[in-house]
Amino acid sequence: MTKRIRGGAAVAVAGLLATATACTGQPSSPPGFAGRHLPAERGANGAGAGGAEGARTFTLLASGDILPHSSVIDRAAADAGSSGYDFRPMLKGAAPAVSGADLAICHMETVYGQDGGPYTGYPSFKSPPEVAPALRATGFDSCSTASNHTLDDGAQGIGRTLDALDRAGIAHAGSARSAEEASRPTLLRAGKGKNAAKVAHLAYTYGTNGIPLPAGQPWAVDLIDEERIVADARAAREAGADVVVVSLHWGTEWQDAPDEVQLGLGRELTASRTGGRPDIDLILGTHAHVPQAYEKVNGTWIVYGMGDQVAGAMINHEGARDPRANESSMGRFTFEPPAKPGQRWAVRKAEFIPQWFDAQAGRVVGLDLGAPSPAGEDGGRLREIRDRIHGAVLSRGAAEDGLVVGK
């Protein structure tokens, strides 16, 4: 069982028993996304060919799980002062990289409760809706919302979460309020103007902690199914997507290495092609609580797991406090347009940005070599954290394929 440390005492929080694939700030106007969905647009030659002429290179950044345990909620309440919740200060450390990307994607693992609460952590999460405007202020444009906690408060939890993201101007993929919403891909603009690339964001989870889908709503949460994912990717291409990005909530908790399900599904998805063009251009993994490897498979980058961007201090399945739960990476990929319409947009540069969530202070801390150490923290400890993230991220040979550390 995963547990969180609060005030020196261990209390139960996020997670459940592992299985083969179990999970068990100041406001700104960031570049990139301008609207929740683009109208469906067909490429010049069908199948989302896209227009290469005049198209511009763009950067896409992705980060790990936003998992507000009770301690995180308490920190946001303290940061808000007299009333409400303010999550912007805890995310401020990530804002320069996030807002500097043309398109930034987060993973919103939990659902939101009613305005005013009550809000809860483990075992059934209900987070303050104030998370959404903080994500937008940080610079995020879209969030995956398919996770093992998506049904923690049933269909009403999904509705509140997506409503709040809509109000904040953040797109979302992976859960839906209607069959019509579930049937269309989330299409985003990477950059501005008529030559901005169109990016489809799709998201899926391995399960929902045994909670059945709401009666009559089989479309409420997108579950991982290889044939379904490929079909959705092809539909997104048909709808005009130049680049198709798939977020997957998968893997084994507390395991640094991707498991056999991740490796196998990753190979199959990246091998899928239509007319010689890959159906999926990037896979972004979440769920394991710890940083996992990046790998280029069949010419396509897979991030098996980014770790938790925001989460309370946690206890792993062996009953030990595990600092890896507050270590993560952000992936940043620079896509360049093809020479001819209908060809693949290639990743010209692949980067990872190590970061740490200081659970005591409730702050995201950047770990690049030039980042200052937070007050009271030993520089040697931060180097140890950074080195551990580097080791996990590069454990499957990504450096040989060009992955570098970003800032």
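Only Cα pairs under 8 Å and at least 6 apart count here; give the relative contact order of region 187-296 as a rounded whole percent.
28
State the Cα centre-to-centre distance between region 298-339 and region 56-80 in whole Å.
When both Cα centres are located, 13 Å separates them.
FRET efficiency for A320 and D368, Cβ-Cβ distance as r, R0 = 30 Å, nearest 0.05? Don't skip to the end; give the middle numbers.
Values: r = 29 Å, r/R0 = 0.95.
After rounding to 0.05, the efficiency reads 0.55.
Beyond 29 Å between alpha-carbons counts as too far, so tell me which of K126/K192; K194/K340; K92/K192; K194/K349 fall in that bin.
Checking Cα-Cα distances, K126/K192 exceed 29 Å.
So, counting K/R as plus one and D/E as minus one, what does the shell of residues with Cβ under 13 Å around R88 add up to?
That sum, taken over residues with Cβ under 13 Å, equals +1.
Provide the packing ranking of 358-366, 202-210, 338-346, i.e. peptides ordered by the mean count of other C-beta atoms within 10 Å per residue, highest first.
202-210, 358-366, 338-346
Once you have the Cα-Cα distance between V404 and R277, take 0.36 nm times their residue separation minus that, and quote the gain in nm to one decimal.
Contour length minus the Cα-Cα distance gives 43.1 nm.
How much length is gained if the chain between K340 and L223 is pulled fully straight, taking 0.36 nm per residue apart and subtracting their Cα-Cα distance, in nm to one decimal?
In short, 38.7 nm is gained.
Label points 7 Å out from Cα along the Cβ direction at L263 and K194: separation in nm?
In this crude label model, L263 to K194 measures out at 4.9 nm.
If you plug each phi of region 141-152 into the Karplus form 6.51 cos²θ - 1.76 cosθ + 1.60 with θ = phi - 60°, what whole-Hz ³J(HN,Hα) values come out, in order, with x for Gly and Pro?
10, 8, 9, 6, 10, 8, 8, 5, 9, 5, 9, 4
Skipping prolines and chain starts, which residues have an amide H placed within reach, meaning under 5 Å, of the one on M330, given they are 5 or more residues away or on another chain?
I353, Q355
Laboratory data are not the source of any read-out in this text; all were calculated from the coordinates shown. A quick note: this is a predicted structure, and the numbers were derived from the prediction, not measured. Please note: Cβ atoms are built from the backbone with ideal geometry, for glycine as well, and neighbour counts cover all protein chains shown.
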